[in-house]
Protein chains: 2
Amino acid sequence: MQTFIQQLTQVLGQKYILTQDQDKAPFLTDWRKRFSGKALAIVLPASTTEVARIVQLCAEYRIAIVPQGGHTGFCGGATPDSSGNQIVLNLKRMNRIHGVDIANQTITVEAGCILQAIQENAAAQGFLFPLSLGAEGSCMIGGNLATNAGGTNVLRYGNARDLCLGLEVVTAKGEVWNGLKGLRKDNTGYDLRDLFIGSEGTLGIITSAVMKLYPLPISQWTTLVATENVSATIALLNLFQKRATSLLTGFEMMTQESLALNAKHFPQLKNPLGDKTPFSILIELSDHESEAHVRQLLEGILEEAFAADIITDAVIANNLAQANTFWHMREHITLAQAEEGANLKHDITIPLSSLDKFISETDALMRSKFPGVRIINFGHLGDGNLHYNIAPPEGVDQKVFNLTYEKAIHELVYGQVERFHGSISAEHGVGQLKLADLRAHKGNVAHDLMKSLKQALDPQNILNPHKVVSI
Amino acid sequence: MQTFIQQLTQVLGQKYILTQDQDKAPFLTDWRKRFSGKALAIVLPASTTEVARIVQLCAEYRIAIVPQGGHTGFCGGATPDSSGNQIVLNLKRMNRIHGVDIANQTITVEAGCILQAIQENAAAQGFLFPLSLGAEGSCMIGGNLATNAGGTNVLRYGNARDLCLGLEVVTAKGEVWNGLKGLRKDNTGYDLRDLFIGSEGTLGIITSAVMKLYPLPISQWTTLVATENVSATIALLNLFQKRATSLLTGFEMMTQESLALNAKHFPQLKNPLGDKTPFSILIELSDHESEAHVRQLLEGILEEAFAADIITDAVIANNLAQANTFWHMREHITLAQAEEGANLKHDITIPLSSLDKFISETDALMRSKFPGVRIINFGHLGDGNLHYNIAPPEGVDQKVFNLTYEKAIHELVYGQVERFHGSISAEHGVGQLKLADLRAHKGNVAHDLMKSLKQALDPQNILNPHKVVSI
């Protein structure tokens, strides 16, 4: 071990290898404080060459590496295990933006760039970098790609995967694959890029990426709409998809119970639709023509929705400040939940055609088996993505409740997800949290294919072992 | 061999195993008659279960399988080798459309469905299935996915890859992976779907797919625009991207020399811009609002382009018939080339920011080294995708010319592609045609990764061996 650390020191210099407990601590626990581990050292490389050299040494000494960005994931993918034998390779020093290619509409960035810094850099040159999510002030693009992050703009622009045109990756052998050409069409062999994206650092370490940019919209209009039930909400989504098509950039659903939690903890965030509507839908249109054009389109669609009896009320934000308060309502649900302590989260996708039945059946089962629970159901409805979370009945101790019912509640929700052919992780990934559930969820054939891929690309099992898939 | 054929017969019935020369012949040569091979038998399964059983038998007897759809590829990926020891597994009997899911906006289809049949089925239910390419009347969706087909709608809707939400695949072991959920978000492990897409049947056999649908546009406007040079053309593209954004569904470039070939072989297809313009650009906008809206937008953008001196002339199609003649001009370039005999084709991508320099340098090199050649350069400029083809000087025998200069011309073009960090196969794939070029093009690291993947998923090398990558 001493020799290994000495050799690492030759690569990085002593300053960038943290071995003292107080220096290591900030890298060992995720931001939600749900996962915690130990590490031999935290290493902080500043270049791809240094990352490659570190991986070569780890391959030689058979030391496992946990790649880490902002450490804002939900599934413990970037937290080391408790052995103290792994190193954490944090990429925050690799935070250079290599610049915008205007004609090609791309931006090339290192893995340690903060998401918001990329958004701001692009905006300064007239472009939108559409990836947007709660943690954008601290998450890093390498982690966004490693987990194929989603967020609020997926409906229009896709996941992190869809925004990426190329990668640079350090392999398990410590070799560098340079796939940074930034081409929009390239059918020369297997899709290595998409294999590394979403593999959570288990097949290679992403060090740089070429990302797509889009022209900045010149006008955005946001509305809050009340619906009575899920099927009306989906009819509304389909109506917006048909009439606004790609101008539709947000379609977020919040249930009455979710907003009740907001009202309790953030009373300043009043729902302008009142507190009686079963479903409040946040809809955003973004336009590149004119404010008048998009406003007229939005009003026309809402009129049609009223006439078709699929909405009962609607409030259009009059200005940016009001639009922001609508978005704050949506974003504060997560914070309101946190105020109540850790609740039981399920980040799931259901095919839109089954969503109505899924919610009504699952809600009914949940309330009959666990009377009094609060179902905090909200999410990116346009993608079929629900955050279907369970909080204990009012007044019940959260820790005791979770300890007692966590397993049974997960089983109920995931059982329903399987029945409706959904996904048990829509956008948060697998990490260590869902490792054990994956074989049953994917089926043996898919799971064996995944194991074969891991075995092929990381035969020594040194890249983030026991995350996503164990070999 | 006899036992193998007997066992196949038990699976499929005699009728669907072709072993006589005259029955096999139609499956052994590609449509361009560029590649030809032999086969032990042609097998025609009607179900995924039958495909799986065939692969199991092939695995047992170590017989190589060449999966085949419409056999319309450009690179010989679906043509067997000359040994006569391979079987061709043609999927044309698997042509069921399992129906449109309206709320989810997806269509589930078997691999043997003709592309056009899928487009028509979707349109009958009010949806656009955007994949569109010259061979759409005979190519099949399984082949489109296996080669990640492109075409004219990639600019707005992406390649086949981007339109696919899920696959069913028979693995090299003869197991069935059912990944047909059709979810828009699913971060549960490695991206198996994208690994199979574009792998040209070398990692698994695609048997079914869930594809995305989009609302049908209600109005399309097509214009032909004259530009003086490549940099003006790219400025025009960027202007349309900024102002029309996702309404821009086509941006095709045709050089004067390409259209001269049309004029020679199809004189009825007159270029309304005349025969003097260096570049004729075909632009299509598609709208979901109204004819007036899109017409006004198009006129506004063209006015801005005139004012900025990036275009010299423009003709807007007055009706669908005229729009079709514009598209015919574009599509007939390929046919006009065929009239002259096989020319030397290069399906390449160059980053848009380097395209101007690439074309001027490569044209100059080509004309100085091979005086008198005709450079038939046209393509999906919006994607940076050129079909950079070389025809002999007027009056020179094509066969003799190709035999003499093919190697040197390919070397010149591909050398330039490498210098400008482009791709040697934008949308046509690798097949057998570019197998030998791939290692140098991809670099050792990427190529070794590909070999590891092939080795992992098809260790017996029975799935379309010596296509894409040899192990």
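The values are calculated or read from the model by the stated rules, or taken from the named source; none is laboratory data. What you see is a predicted model, and the numbers here were worked out from it, not measured in a lab. Note that we place each Cβ from the backbone using ideal geometry, even for glycine, and neighbour counts take in every protein chain shown. To get the accessible areas, we keep the full protein, side chains included, count just its heavy atoms, and leave off ligands, DNA and RNA. Shrake-Rupley method; radii C 1.70, N 1.55, O 1.52, S 1.80 Å.
Considering B:Gly429, B:Gly443, the condition of being over 23 Å from B:Leu145 (Cβ atoms) and facing another protein chain (nearest Cβ under 10 Å) is satisfied by B:Gly443 alone. If you go through segment B:193-208 and keep only what is at the interface with chain A (Cβ under 8 Å from one of its Cβ atoms) and surrounded by fewer than 24 Cβ atoms within 10 Å (Cβ to Cβ), you end up with B:Asp194, B:Leu195.
Of all residues in segment B:358-381, those satisfying the criterion of being closer than 17 Å to B:Ile424 by Cα and either within 14 Å of chain A (Cβ to nearest Cβ) or of a type in the set (Phe, Trp, Tyr) (or both) are B:Phe358, B:Ile359, B:Phe378, B:Gly379, B:His380, B:Leu381. Considering the conditions (1) within 11 Å of chain A (Cβ to nearest Cβ); (2) surrounded by 23 or more Cβ atoms within 10 Å (Cβ to Cβ), B:Pro351 is excluded by exactly one of them, (2). Return yes or no: is B:Val225 in a strand (DSSP E or B), at the interface with another protein chain (Cβ under 10 Å from one of its Cβ atoms) and either open to solvent by less than 10 Å² (accessible area, probe 1.4 Å) or polar (S, T, N, Q) (or both)? Here the answer is no, as B:Val225 does not meet what is asked.
For (1) in a strand (DSSP E or B); (2) surrounded by fewer than 18 Cβ atoms within 10 Å (Cβ to Cβ), each residue gets a yes or a no:
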{"residue": "B:Ile333", "(1), (2)": "no, no"}
{"residue": "B:Gln337", "(1), (2)": "no, no"}
{"residue": "B:Lys357", "(1), (2)": "no, yes"}
{"residue": "B:Thr362", "(1), (2)": "no, no"}
{"residue": "B:Met366", "(1), (2)": "no, no"}
{"residue": "B:Ile376", "(1), (2)": "yes, no"}
{"residue": "B:Tyr388", "(1), (2)": "yes, no"}
{"residue": "B:Lys399", "(1), (2)": "no, yes"}
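For segment A:60-80, the tally of residues that are among the charged types (D, E, K, R) and assigned to a helix (DSSP H, G or I) stands at 1. In summary, A:Pro217 fulfils each of the numbered conditions (1) open to solvent by 10 Å² or more (accessible area, probe 1.4 Å); (2) assigned to a strand (DSSP E or B); (3) in contact (Cβ under 8 Å) with a residue 60 or more places away in the chain with the single exception of condition (2). Among residues of segment A:401-415 being surrounded by 19 or more Cβ atoms within 10 Å (Cβ to Cβ) and of a type in the set (A, V, I, L, M), the one that is nearest to A:Asn148 (Cα to Cα) is A:Val413. The set of residues in segment B:421-440 that are touching a strand residue (DSSP E or B) at 6+ places or on another chain (Cβ under 9 Å) and within 18 Å of B:Thr362 (Cα to Cα) comprises B:Gly422, B:Ser423, B:Ile424, B:Ser425, B:Ala426.
Run down A:Ser83, A:Ser132 and say which single residue is surrounded by fewer than 22 Cβ atoms within 10 Å (Cβ to Cβ) and either modelled with pLDDT under 95 or under 30 Å from A:Ser470 (Cβ atoms) (or both).
A:Ser83
Scanning segment A:416-471 for residues that are open to solvent by less than 10 Å² (accessible area, probe 1.4 Å), among the small types (Gly, Ala, Ser) and part of a helix (DSSP H, G or I) turns up just one, A:Ala446. Taking segment A:16-59 on its own, how many of its residues are more than 14 Å from A:Asn90 (Cα to Cα), assigned to a helix (DSSP H, G or I) and basic (Lys, Arg)? Selection size over segment A:16-59: 1.
Please verify whether segment A:398-421 includes one or more residues that are at the interface with chain B (Cβ under 7 Å from one of its Cβ atoms), modelled with pLDDT of 95 or more and under 28 Å from B:Lys173 (Cα atoms). Yes: one or more hits.
Does B:Lys270 qualify as being more than 8 Å from every other protein chain (Cβ to nearest Cβ), in a loop (DSSP other than H, G, I, E, B), surrounded by fewer than 20 Cβ atoms within 10 Å (Cβ to Cβ) and free of Cβ contacts under 8 Å to residues at least 12 places away in the same chain?
Values: more than 8 Å from every other protein chain (Cβ to nearest Cβ): yes; in a loop (DSSP other than H, G, I, E, B): yes; surrounded by fewer than 20 Cβ atoms within 10 Å (Cβ to Cβ): yes; free of Cβ contacts under 8 Å to residues at least 12 places away in the same chain: yes.
Answer is yes for this residue.
Looking only at residues in segment A:172-189 that are at the interface with another protein chain (Cβ under 7 Å from one of its Cβ atoms) and in contact (Cβ under 8 Å) with a residue 40 or more places away in the chain, which one is least open to solvent (accessible area, probe 1.4 Å)? For segment A:172-189, the residue satisfying everything is A:Gly182.
It is to be established whether one or more residues within segment B:105-115 are farther than 30 Å from B:Ala25 by Cβ, in contact with a helix residue (DSSP H, G or I) (Cβ under 6 Å, 6 or more places away or on another chain) and within 14 Å of chain A (Cβ to nearest Cβ). Before you say what the answer is, go through the steps one by one.
Taking segment B:105-115 as the starting set, the residues that turn out to be farther than 30 Å from B:Ala25 by Cβ are B:105-108.
When the remaining residues are screened for being in contact with a helix residue (DSSP H, G or I) (Cβ under 6 Å, 6 or more places away or on another chain), the result is B:107.
Next, from what is left, pick out any that are within 14 Å of chain A (Cβ to nearest Cβ): B:107.
Within segment B:105-115, one or more residues are farther than 30 Å from B:Ala25 by Cβ, in contact with a helix residue (DSSP H, G or I) (Cβ under 6 Å, 6 or more places away or on another chain) and within 14 Å of chain A (Cβ to nearest Cβ).
If the condition is being within 24 Å of the chain's Cα centre (by Cα) and outside any helix (DSSP H, G or I), then segment B:236-263 contributes B:Leu248, B:Thr249, B:Gly250, B:Phe251, B:Glu252, B:Met253, B:Met254, B:Thr255.
Yes or no, residue by residue, for (1) farther than 30 Å from B:Leu355 by Cα; (2) at the interface with chain B (Cβ under 9 Å from one of its Cβ atoms); (3) assigned to a loop (DSSP other than H, G, I, E, B); (4) free of Cβ contacts under 8 Å to residues at least 24 places away in the same chain:
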site	(1), (2), (3), (4)
A:Ser138	yes, no, yes, no
A:Asn144	yes, no, no, no
A:Asn148	yes, yes, yes, no
A:Asn159	no, yes, yes, no
A:Gly166	no, no, no, no
